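The values are calculated or read from the model by the stated rules, or taken from the named source; none is laboratory data. None of these values were measured; they are calculated from a predicted model. Cβ: placed from backbone, ideal geometry, glycine included. Neighbour counts: every protein chain shown. Areas reflect the complete protein model, heavy atoms only, side chains present, ligands, DNA and RNA absent. Shrake-Rupley method; radii C 1.70, N 1.55, O 1.52, S 1.80 Å.
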Amino acid sequence: MTKGKVYFVGAGPGDEGLITVKGQKAIEKADVILYDRLLNPKLLEAAAFDCELIYCGKTPYATGISQGEINELLVSKALEGHRVIRLKGGDPAVFGRVGEEAESLKDKGIPFEVIPGVTSSIAASMYAGVPVTHRDYGRSFAMVTGHDQTKKDIDWNGLVSIDTVAFYMGVANLPSIRKNLINHGKPGNTPALVIQWGTYGRQESVEGTLDDIVERVSERSLGNPAITLVGDIISLRGKLQWFERKPLYGQRFLVARTGTAKSALAEALYELGGEVIEFPKWNAEKVKIEESQLLAFLSYDRILFTSPESVHGFLDSLTEQAIDFRRISSKLYVLSRKSKKALQQRGLTAELKSGMPEAGTLLVVGDRKRDLRDPAHGDGDYIQSIAKFVDERFLEIFPRMLDGKAVGTVLFSNRHSVDMLMQYGDKANVDVEALLKKASIGVIGESTGNRLQDYGFTSDMMPKEPSVEQLVDLIVNRNVF
């Protein structure tokens, strides 16, 4: 069998938008992905449905998969002929053990490439409002591992002469770092900054000086993953903060998903600085529709599409059968603006169901089996144009996504989203009811609120008009109509 190839890919520090274009393409083409604890799991959503996802996370002071086992996995998967991605948080060449892992491949004659990523110290510092270099404050910059800082091979004399120093994962050793820097000549009033979960919406920063940073961090109970920054350049933070001033900074959201398309609600919250978890993860596959059926469907007076996926499935079938879209004489209707946009992208116009008349023959085009169709969609005939299903690989990932800071707000866009979070949260061994009891709950539309009540919960936020824009406005202002 032909040997495969291994790609070491830097996933960036946390914000999923910081993955490189080359790194994103590598994920999309992977057969196997070995991924670390600290990368954002949302990046894995770009992987193909048949890609094998292998968790290689290791936590400080806890036993887990060993480095030797990781090396063996890389070798064995590549020897099976696979395209293997070793997905690492930050940059694989900055305290990422890429040298050790690449050596194990070289010894077996397995080809590899390294795709650099945005390293955590630079990104986290800038997200906290501190550039690591500046003409007036910092012309030199050093990165140092924060583990076991009592080692004698650390050149403390050299470090105190560097303008800005970033220590990776050094919270536990912060007292030792402070002691060594001061003992080797760094003034106690030198500014210091500890940034936990840098570039995530849950990012938290504690600022002080070498004299008091240990106590300040202890008061706030910060821990790893964190970057400790030391240097006068931190004084610029008051002027240059931008991320921590976004309106939803520090807030964590769970958006219940019902489709494969990007969530406009999740995107809006993310742009405003929130950290957004989406679940469940969905995939779709085509449902074959015969040409004779498709031609018959074009004779209906009204066609109602229940989702963007149902739109694309139906129109893709027309294309495959070489049926011209212009033969559609039916009036087209949709349940959501997202579906309306999907039709517009294909050159067709539609109206929302709220404006659909009762008269005329009706065809409902959906993404569920006939026996699971929603009666609220109407009494017309029904066809499934695409099969949509939950990606169960993410059932294992979901509990890890919830680690750390608690989810403050859970959001539902429709009735189906309520059922899906309850059903698949249970399959993922997550106590969704306990989560909902502690969080604020937002819904789009009265019907969604009613479905939530069936489970014993009431919404805290529901806009007057059922739209993403109005719900986001409610969240930002925390006003309830």
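Collect the residues in the range 415-434 that are part of a helix (DSSP H, G or I) and open to solvent by 50 Å² or more (accessible area, probe 1.4 Å), keeping them in residue-number order.
Arg415, Gln423, Asp426, Lys427, Glu433, listed by residue number.
Name the residues in the range 347-406 that are open to solvent by 40 Å² or more (accessible area, probe 1.4 Å), of a type outside the set (Gly, Ala, Ser) and within 30 Å of Ser221 (Cβ to Cβ), would you?
Glu396, Pro399, Arg400, Asp403, Lys405
Tally time: how many residues in the range 8-39 are under 13 Å from the mean Cα position of the chain (by Cα) and closer than 15 Å to Cys56 by Cβ?
3
What's the total number of residues in the range 1-17 that are among the hydroxyl-bearing types (Ser, Thr, Tyr) and surrounded by fewer than 19 Cβ atoms within 10 Å (Cβ to Cβ)?
Number satisfying all stated conditions: 1.
Looking at Ile182, Ile122, Ile195, can you tell me which residue is open to solvent by 40 Å² or more (accessible area, probe 1.4 Å) and under 26 Å from the mean Cα position of the chain (by Cα)?
Step by step, each of Ile182, Ile122, Ile195 is checked, and only Ile122 is open to solvent by 40 Å² or more (accessible area, probe 1.4 Å) and under 26 Å from the mean Cα position of the chain (by Cα).
Select the strands (runs of 3 or more DSSP E) contained entirely in the range 237-343, then report the ones holding at least 1 residues which are open to solvent by 10 Å² or more (accessible area, probe 1.4 Å).
Ranges flagged: 275-279, 282-286, 302-305, 331-334.
Based on what the data block shows, is Lys437 open to solvent by 70 Å² or more (accessible area, probe 1.4 Å), at pLDDT below 95 and more than 30 Å from Leu295 (Cα to Cα)?
For Lys437, the condition - open to solvent by 70 Å² or more (accessible area, probe 1.4 Å), at pLDDT below 95 and more than 30 Å from Leu295 (Cα to Cα) - is not met.
Just a yes or no: is a residue in the range 223-231 without any contact (Cβ under 8 Å) to a residue 60 or more places away in the chain and not hydrophobic (A, V, I, L, M, F, W, C)?
Taking every residue of the range 223-231 in turn, at least one turns out to be without any contact (Cβ under 8 Å) to a residue 60 or more places away in the chain and not hydrophobic (A, V, I, L, M, F, W, C).
Looking at the range 160-199, which of its residues are assigned to a helix (DSSP H, G or I) and out of contact with any helix residue (DSSP H, G or I) (no Cβ under 7 Å at 6 or more places or on another chain)?
Residues satisfying the conditions are Ser176, Ile177, Lys179, Ile182, Asn183.
Return yes when Asp163 is over 20 Å from Gly96 (Cβ atoms) and either surrounded by fewer than 18 Cβ atoms within 10 Å (Cβ to Cβ) or touching a residue at least 24 places away in the same chain (Cβ under 8 Å) (or both) and no when it is not.
Yes: the conditions hold for Asp163.
Mind counting the residues in the range 314-340 that are aromatic (Phe, Trp, Tyr) and either under 30 Å from the mean Cα position of the chain (by Cα) or within 17 Å of Pro357 (Cα to Cα) (or both)?
Result for the range 314-340: 2.
For Phe412, indicate whether it is under 13 Å from Val255 (Cα atoms), aromatic (Phe, Trp, Tyr) and out of contact with any Leu (no Cβ under 8 Å at 6 or more places or on another chain).
Judged against the criteria, Phe412 is not a match.
Take Leu452 and decide whether it is open to solvent by less than 20 Å² (accessible area, probe 1.4 Å) and out of contact with any Pro (no Cβ under 7 Å at 6 or more places or on another chain).
In short, yes.
Against the condition in contact (Cβ under 8 Å) with a residue 60 or more places away in the chain, under 21 Å from Leu471 (Cβ atoms) and crowded, with 18+ Cβ neighbours inside 10 Å, how does Phe412 come out, does it pass?
yes
Residue by residue through the range 372-392, note down the ones that are of a type in the set (A, V, I, L, M, F, W, C) and in a strand (DSSP E or B).
Scanning the range 372-392 gives Ile383, Ile386, Ala387, Phe389, Val390.
Give me the pairs, please: first residue somewhere in the range 291-303 and in contact (Cβ under 8 Å) with a residue 24 or more places away in the chain, second residue anywhere and outside any helix (DSSP H, G or I) and among the aromatic types (Phe, Trp, Tyr), beta-carbon distance under 9 Å, and either six or more positions apart or on two chains.
Listed pairs, sorted by first residue: Arg302/Tyr333; Ile303/Tyr333.
Taking only pairs six or more apart or across chains, which ones have beta-carbon atoms under 9 Å, a first residue in the range 420-437 that is at positive phi, and a second residue that is open to solvent by less than 30 Å² (accessible area, probe 1.4 Å) and of a type outside the set (Lys, Arg)?
Correct list of pairs: Asn429/Leu395; Asn429/Phe398.
When you go through (1) at pLDDT 95 or above; (2) in a loop (DSSP other than H, G, I, E, B) one by one for Gly360, which number turns out not to apply?
Only one criterion in (1) at pLDDT 95 or above; (2) in a loop (DSSP other than H, G, I, E, B) is unmet by Gly360, namely (1).
Restricting the first residue to the range 79-95 and requiring it to be among the aromatic types (Phe, Trp, Tyr), which pairs with a second residue that is at pLDDT below 95 and assigned to a strand (DSSP E or B) meet a Cβ separation below 6 Å and a spacing of at least six or different chains?
Phe95/Thr145; Phe95/Tyr168
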